[in-house]
1. Every residue in the range 52-75 that is farther than 15 Å from S132 by Cα and surrounded by 13 or more Cβ atoms within 10 Å (Cβ to Cβ), please.
2. Please identify the pairs in which a residue from the range 40-68 that is in contact (Cβ under 8 Å) with a residue 40 or more places away in the chain and closer than 13 Å to T136 by Cα has its Cβ atom under 8 Å from the Cβ atom of a residue that is part of a helix (DSSP H, G or I) and of a type in the set (F, W, Y), counting only partners at least 6 apart or on another chain.
3. Of these, L134, L124, which one is under 14 Å from the mean Cα position of the chain (by Cα) and touching a residue at least 40 places away in the same chain (Cβ under 8 Å)?
4. Which of the residues that make up the range 1-39 are farther than 30 Å from Q137 by Cβ and among the small types (G, A, S)?
5. When you check Y23 against the structure, is it surrounded by 11 or more Cβ atoms within 10 Å (Cβ to Cβ) and free of Cβ contacts under 8 Å to residues at least 24 places away in the same chain, yes or no?
6. Of G76, G89, which residue is of a type outside the set (A, V, I, L, M, F, W, C) and at pLDDT 95 or above?
7. If you go through the range 93-112, how many residues are surrounded by 19 or more Cβ atoms within 10 Å (Cβ to Cβ), under 18 Å from the mean Cα position of the chain (by Cα) and either of a type in the set (K, R) or part of a helix (DSSP H, G or I) (or both)?
Amino acid sequence: MSDAVVAVTSSLASAVMGGALTYFTAVLKIRRDLAARYDADLRRDRITVYKQLWSKLEPLAKYAPAKPLTCDDAHGLATALRSWYFEEGGLFLSEPTRNAYFGLHEALKTVDEHSKKPVPDPILAMLMQRGSELRTQLTRDVGTRAQPMLSEKMPPGLGGSLKNDDSKAMRSAVGP
């Protein structure tokens with residue numbers, strides 16, 4: 001083969017390989033961008049509906065409950081949660097959060113009495129635990145308890161990093 005044919009064949013092969021690589025790289029980037037946008041939209045929507053669910057769980061607060069939980073309150077909570085599930089947020093629950101949600105419902109079913117009497121302590125402890133597990137899963141779904149993505153050490157040009165003395169001074173200024 002002549003040198004010209006080898007050069008043309010080589011150039012053509014390089015162009016085809018480069019084009020194919022560019023195409024596959026573009027497709028991967030588009031997919032990654034779409035997935036990131038989907039995740040961001042889902043997180044935003046979850047935060048909106050999870051805030052409503054979070055407030056409904058207040059009667060199961062471990063610290064400083066507003067009032068003792070009565071059997072009627074427990075039944076009212078089960079009804080409010082069911083309404084939230086079908087009208088607002090059930091569609092947004094991840095599988096682990098859905099399991100925690102139904103775990104709380106199963107616990108609420110153990111309150112079989114309708115009365116103004118307080119929920120018995122062992123059942124109340126179980127309800128509070130299940131409520132806590134659900135709230136924990138809610139925070140995992142939306143990442144509100146995750147460590148910040150930006151650390152104290154910042155790349156050059158973005159303000160440097162905090163020195164130990166600066167960090168101590170900030171902590172003492174705002175408290176522990």
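The values are calculated or read from the model by the stated rules, or taken from the named source; none is laboratory data. Everything numeric in this text was worked out from a predicted model, so none of it was measured. Neighbour counts are summed over all protein chains in view; Cβ atoms, including those assigned to glycine, are modelled from backbone coordinates with ideal geometry.
1. Matches in the range 52-75: Q52, L69, T70, C71, D72, D73, A74, H75.
2. Here the result reads Y50/F92; L53/W84, each pair linking the range 40-68 to a residue that is part of a helix (DSSP H, G or I) and of a type in the set (F, W, Y).
3. On inspection, the qualifying residue turns out to be L134.
4. Just the residues of the range 1-39 that are farther than 30 Å from Q137 by Cβ, to begin with: 1-30.
Across the range 1-39, the qualifying residues are S2, A4, A7, S10, S11, A13, S14, A15, G18, G19, A20, A26.
5. Working: surrounded by 11 or more Cβ atoms within 10 Å (Cβ to Cβ): no; free of Cβ contacts under 8 Å to residues at least 24 places away in the same chain: yes.
So Y23 does not fit the description; no.
6. Values: G89 fails: at pLDDT 95 or above.
Only one candidate passes the filter, namely G76.
7. Residues that pass the stated criteria total 3.
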